[in-house]
Amino acid sequence: MSLSPLFALVDCNNFYVSCERVFNPQLEGKPVVALSNNDGCIVARSNEAKALGIKMGEPFFKARDVIERNGVVVFSSNYTLYGDMSRRVFATLARFTPEVEIYSIDEAFLNLAGFEKDNVTAYGQRIRATVKQWTGIPVSIGIAETKTLAKVAGHVAKYSAKVEGVLDLTIPGYRKKALTMTHVGDVWGIGRRLTRRLVGKGIKTALQLSEVDDGWIRKQMGIVGVRMVHELRGICCFPLKLSAPPKKGITCSRSFGRPVTTLNEMKEAVAAYVSRAALELRKQNSVAGHLTVYMMTNRFKVKEPLHNEEVSVKLPVATDNTGELIHYASGAAEKIFKVGYKYKKAGVILTELSPACQSQTDMFDSLDRNRTEKLMTTLDSVNACMGSRTLQFAAQGTAQPWSMRCEKRSPSYTTNWNELLEVKAS
DNA sequence: TCTGGGGTCCTAGGACCC
DNA sequence: TCTGGGGTCCTAGGACCC
């Protein structure tokens, strides 16, 4: 007999801000925000910052006024720190159920099927308290028969003080109440576009969405919509994914800290992005058969000349070798780079990924692939233990004057001894 | 001065084939 | 007037997620 499904969504509250607070407890109770790469947008806000009206995704410079007036503490993103804290949270969750799906850096679904129904709220409270105690990170937990309902529950749990961070929608009457108080735009899978369309048709709450006719929603939103509505009714359509399948494409792109106007700098940046992408490629034991390079000027500067172009290369032999990939990427960059433009951003995309062990060899291949493979293995292991750019290709440049801004980055407290020693000394 | 980055899935439409 | 029809594969673009 198979158990009826029961999911818990564990969601870290204001995750990046919470990570910073673990190492800066005096920030507790104060407004704090964390910025995206290049210090561009606000991507995490403490409750106090939310209360000031600072919006998610808002450009930093637009919020600068409010921030300065209210003494909001600002952090650049520190993904090394957040990634490590995230691992600690998930390791803690794994103590409570063998089946954990890591959904994002700050969210996980747990399989609670078979756990005693009457006690799941108490169990959730234990999970929440343990994560807080072991990692310092506060979480909200939503429990329900489907992932979509668990997301709804988690959302309500986060904003309703009464439930103390854990809400179980399998308790009679709770599902309807939660769906009534959830705006349709807050349902998992309903983005800005669909929100506008649904609200235009008079569907404003998650409850109303759950009550629409199957045929109608099929026409409006396709099969995706039908699944979503079924999930809201308690019919499970999205099972837990316990192992992530290998990625089908790997991208690395960054905005520049200042405009790039020379081919040399552009090629350095592209080489640096290729190196990062190739490392990811090797981590999942894949090789890439196709490479795309793109570059763009600042789309917000309407008065400056615009150039936005990409070029693709079919690689003669699928590879994970950084040097080889840099070679093709540089050629591609040369093809589209134009003098007289101020480039804002560039990126590299690796696609047509396949398992490294199955890669086809080419009779006329001029590279000694055994040797380059050893070189890559050595490079990766040196960088893994001594820091990510200890060994690098010369093409990436050393000064990297184009690299992104991160003026307010905290030290990587948990992973970088050198930085920690600097903090102690200062 | 200043506007993130990295993914996934689905659909529609064209090419191609028999 | 009327132009076969249906399957499969691929790609571009749209929508979404955090």
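Per-structure values
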| read-out | value |
| --- | --- |
| Selection from segment A:57-75 of residues that are assigned to a loop (DSSP other than H, G, I, E, B) and buried (at least 19 other Cβ atoms within 10 Å of the Cβ) | A:V72 |
| Residue match in segment A:257-268 (condition: within 15 Å of DNA strand C (Cβ to nearest atom) and either among the hydrophobic types (A, V, I, L, M, F, W, C) or modelled with pLDDT of 95 or more (or both)) | no |
| Given (1) surrounded by 14 or more Cβ atoms within 10 Å (Cβ to Cβ); (2) in a helix (DSSP H, G or I); (3) away from DNA strand B (no atom under 13 Å from the Cβ), index of the condition A:A269 fails | (3) |
| Yes/no for A:G215 being surrounded by fewer than 23 Cβ atoms within 10 Å (Cβ to Cβ) and within 16 Å of DNA strand B (Cβ to nearest atom) | yes |
| Residue within segment A:147-159 that is farther than 30 Å from A:R126 by Cβ and within 14 Å of DNA strand B (Cβ to nearest atom) present | no |
| Criterion: assigned to a helix (DSSP H, G or I), closer than 30 Å to A:I102 by Cβ and either at pLDDT below 95 or of a type in the set (V, I, T) (or both) - qualifying residue of A:I223, A:I190 | A:I223 |
| Tally, over segment A:146-192, of residues that are under 22 Å from A:R45 (Cα atoms), more than 16 Å from DNA strand C (Cβ to nearest atom) and touching a helix residue (DSSP H, G or I) at 6+ places or on another chain (Cβ under 8 Å) | 4 |
| Residue among A:S104, A:S86, A:S46 that alone is polar (S, T, N, Q) and within 11 Å of DNA strand B (Cβ to nearest atom) | A:S104 |
| Total residues in segment A:214-244, condition within 16 Å of DNA strand C (Cβ to nearest atom) and of a type outside the set (A, V, I, L, M) | 10 |
| Condition broken by A:T297, with the remaining ones in (1) of a type in the set (V, I, T); (2) out of contact with any His (no Cβ under 6 Å at 6 or more places or on another chain); (3) within 17 Å of A:S253 (Cβ to Cβ) satisfied | (2) |
| Residue satisfying all of: in segment A:404-426; hydroxyl-bearing (S, T, Y) and within 26 Å of A:R258 (Cβ to Cβ); modelled with the lowest pLDDT among these | A:S412 |
| Out of A:T80, A:T97, A:T121, sole residue that is of a type in the set (V, I, T) and over 30 Å from A:T415 (Cα atoms) | A:T121 |
| Count of residues meeting criterion [away from DNA strand C (no atom under 16 Å from the Cβ), of a type in the set (G, A, S) and touching a Leu at 6+ places or on another chain (Cβ under 9 Å)] in segment A:104-142 | 3 |
| Test: residue in segment A:252-274 that is in contact with a Cys (Cβ under 6 Å, 6 or more places away or on another chain) and among the hydroxyl-bearing types (S, T, Y) | yes |
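For every residue, the table says whether it meets (1) of a type outside the set (A, V, I, L, M); (2) under 27 Å from A:P246 (Cα atoms); (3) touching a residue at least 12 places away in the same chain (Cβ under 8 Å).
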{"residue": "A:G340", "(1), (2), (3)": "yes, no, yes"}
{"residue": "A:K344", "(1), (2), (3)": "yes, no, yes"}
{"residue": "A:E373", "(1), (2), (3)": "yes, yes, yes"}
{"residue": "A:T377", "(1), (2), (3)": "yes, yes, no"}
{"residue": "A:D380", "(1), (2), (3)": "yes, yes, yes"}
{"residue": "A:C406", "(1), (2), (3)": "yes, no, yes"}
{"residue": "A:Y413", "(1), (2), (3)": "yes, no, yes"}
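Quick grid of which residues meet (1) within 16 Å of DNA strand C (Cβ to nearest atom); (2) hydrophobic (A, V, I, L, M, F, W, C):
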position: A:L3; (1), (2): no, yes
position: A:C12; (1), (2): yes, yes
position: A:L27; (1), (2): no, yes
position: A:K30; (1), (2): no, no
position: A:G40; (1), (2): yes, no
position: A:E48; (1), (2): no, no
position: A:A51; (1), (2): no, yes
position: A:T80; (1), (2): no, no
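The values are calculated or read from the model by the stated rules, or taken from the named source; none is laboratory data. Please read these numbers as outputs of a predicted model, since none were measured by experiment. We place every Cβ from the backbone using ideal geometry, glycine too, and count neighbours over all the protein chains shown.
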